[in-house]
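Heads up, the thing below is written out as structure tokens.
The values are calculated or read from the model by the stated rules, or taken from the named source; none is laboratory data. Predicted model, so just to flag it, every value in this text is computed and none were measured. FYI the Cβ positions are ideal-geometry reconstructions off the backbone, even for glycines, and counts take in every protein chain you see.
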Ligand code: C5P
């Protein structure tokens with residue numbers, strides 16, 4: 001057995017997020033394009049003496065808002081590996097950089113990191129496909145946090161197909177002070193749609209896929225879209241102002257990330273991303289701005305230590 005494993009897992013932004021009608025199981029069918037970006041949570045897993053149970057420590061930005069009990073997605077990931085031979089006597093330390101409840105799948109990144117770390121720590125040898133299956137039982141965004149890169153997500157987001165992408169994209173993320181609850185945003189979408197008749201089956205936009213294949217950032221900026229943007233803006237009217245500031249400052253495109261409230265803006269290149277970030281900070285519409293490139297790989301071990 002190893003003495004410790006450190007795993008790094010990325011945040012995501014949905015380049016397109018088409019949401020279908022509410023299903024009887026309480027979920028919505030999706031047609032989405034996930035894109036992993038270089039904003040990471042790190043998780044360190046170490047084994048503990050038998051009978052210790054799970055010890056969970058969360059550090060970094062927003063750590064105080066993360067639950068430390070069995071509802072924590074990383075804790076649920078450890079429990080899900082028990083039937084596969086993992087010990088639950090393990091310590092997990094999570095260093096958060098992905099905004100909590102920010103629409104960037106930070107909790108899912110931690111769950112994916114825990115799956116990879118515990119699999120390695122106890123030498124379970126589960127393999128990628130098996131881990132992806134277990135990930136899908138934990139949450140809609142967990143398989144993608146393992147997969148990384150850019151991928152089309154269908155069903156509830158758990159069925160993934162790797163997308164053909166050329167180039168690297170430079171993003172600026174405008175963070176909100178307070179998170180948004182994902183179920184609340186979906187409920188608001190259903191409420192807004194109630195008066196609008198039948199909901200069309202969502203599909204992945206052709207213009208967006210063509211932009212990605214061509215590595216055309218300008219075309220990509222124009223084709224970003226998210227059905228959850230409307231309800232997120234209803235719940236947080238301030239987001240409309242953030243989106244219009246991005247437009248004013250020459251972002252190639254701007255969109256609410258996932259269920260929000262983080263907003264993602266596409267820049268032409270690294271220099272433009274720095275300029276945009278500075279402009280956002282100076283505008284006073286937000287407190288925290290982060291830059292990241294995408295696509296980046298999914299959750300992977302970055303350090304492993306053997307026992308002395
Ligand atoms: O799968 P996850 O636990 O991340 O989903 C959180 C909540 O978001 C679900 O309970 C559901 O209310 C909503 N959701 C949805 N349709 C999806 C994904 C999530 O309605 N495809």
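Of the residues that make up the range 121-131, is at least one buried (at least 18 other Cβ atoms within 10 Å of the Cβ), within 16 Å of the ligand (Cβ to nearest atom) and over 24 Å from residue 20 (Cα atoms)?
Quick first cut of the range 121-131, residues buried (at least 18 other Cβ atoms within 10 Å of the Cβ) only: 121-122, 126, 131.
Cutting the leftovers down to within 16 Å of the ligand (Cβ to nearest atom) gives us none.
No; the residues of the range 121-131 include none that is buried (at least 18 other Cβ atoms within 10 Å of the Cβ), within 16 Å of the ligand (Cβ to nearest atom) and over 24 Å from residue 20 (Cα atoms).
Restricting to the range 167-178, what's the tally of residues that are under 26 Å from residue 301 (Cβ atoms) and either free of Cβ contacts under 8 Å to residues at least 12 places away in the same chain or not in a strand (DSSP E or B) (or both)? Break it down stepwise before answering.
The first filter runs over the range 167-178 and keeps only residues under 26 Å from residue 301 (Cβ atoms), leaving 168-169, 171, 173.
The next check asks that each one be either free of Cβ contacts under 8 Å to residues at least 12 places away in the same chain or not in a strand (DSSP E or B) (or both); those that pass are 168.
Qualifying residue count, the range 167-178: 1.
Identify the residue in the range 150-170 that is more than 26 Å from residue 22 (Cα to Cα) and out of contact with any strand residue (DSSP E or B) (no Cβ under 6 Å at 6 or more places or on another chain) and, among all such residues, is nearest to the ligand (Cβ to nearest atom).
164
Determine whether the range 25-40 contains at least one residue that is more than 20 Å from the chain's Cα centre (by Cα) and within 16 Å of the ligand (Cβ to nearest atom). Talk me through it step by step, then tell me what you get.
Of the residues in the range 25-40, the ones more than 20 Å from the chain's Cα centre (by Cα) are 25-26.
Still in the running and within 16 Å of the ligand (Cβ to nearest atom): 25-26.
Yes: the range 25-40 contains one or more residues that are more than 20 Å from the chain's Cα centre (by Cα) and within 16 Å of the ligand (Cβ to nearest atom).
So which helices (runs of 4 or more DSSP H) are wholly in the range 217-308 and hold at least 3 residues that are more than 16 Å from the ligand (Cβ to nearest atom)?
Numbers: elements: 217-223, 229-235, 238-248, 270-283.
Filter on the range 217-308 gives 217-223, 238-248, 270-283.
Inspect all residues belonging to the range 183-202 and state whether any of them is within 16 Å of the ligand (Cβ to nearest atom), more than 17 Å from residue 23 (Cα to Cα) and either in contact (Cβ under 8 Å) with a residue 40 or more places away in the chain or assigned to a helix (DSSP H, G or I) (or both).
no
Residue-by-condition table, conditions (1) in contact with a strand residue (DSSP E or B) (Cβ under 7 Å, 6 or more places away or on another chain); (2) closer than 20 Å to residue 10 by Cα:
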residue: 32; (1), (2): yes, yes
residue: 42; (1), (2): yes, yes
residue: 47; (1), (2): yes, no
residue: 53; (1), (2): no, no
residue: 59; (1), (2): yes, yes
residue: 62; (1), (2): yes, yes
residue: 69; (1), (2): no, no
residue: 72; (1), (2): yes, yes
residue: 79; (1), (2): no, no
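Of everything in the range 203-216 that's away from the ligand (no atom under 16 Å from the Cβ) and outside any helix (DSSP H, G or I), which residue is nearest to residue 252 (Cα to Cα)?
Pass one, the range 203-216, residues away from the ligand (no atom under 16 Å from the Cβ): 205-216.
After this cut, where a residue has to be outside any helix (DSSP H, G or I) as well, the list is 205, 215-216.
Working: 205: 18, 215: 14, 216: 11 Å.
Checked the range 203-216; the qualifying residue nearest to residue 252 (Cα to Cα) is 216.
Kindly list the number of the only condition in (1) within 18 Å of the chain's Cα centre (by Cα); (2) crowded, with 23+ Cβ neighbours inside 10 Å that fails for residue 118.
In the conditions (1) within 18 Å of the chain's Cα centre (by Cα); (2) crowded, with 23+ Cβ neighbours inside 10 Å, residue 118 misses (1) alone.
From 106, 85, 60, grab the single residue that is within 15 Å of the ligand (Cβ to nearest atom) and modelled with pLDDT of 95 or more. Don't jump to the end; show me each part of the working.
Values: 85 fails: within 15 Å of the ligand (Cβ to nearest atom); 60 fails: within 15 Å of the ligand (Cβ to nearest atom).
106 is the lone residue from the list that is within 15 Å of the ligand (Cβ to nearest atom) and modelled with pLDDT of 95 or more.
Mind telling me which of the residues 274, 256 ends up being without any contact (Cβ under 8 Å) to a residue 24 or more places away in the chain, closer than 18 Å to residue 39 by Cβ and either under 20 Å from the mean Cα position of the chain (by Cα) or outside the structural domain of residue 23 (by TED's automatic domain parsing) (or both)?
On inspection, the qualifying residue turns out to be 274.
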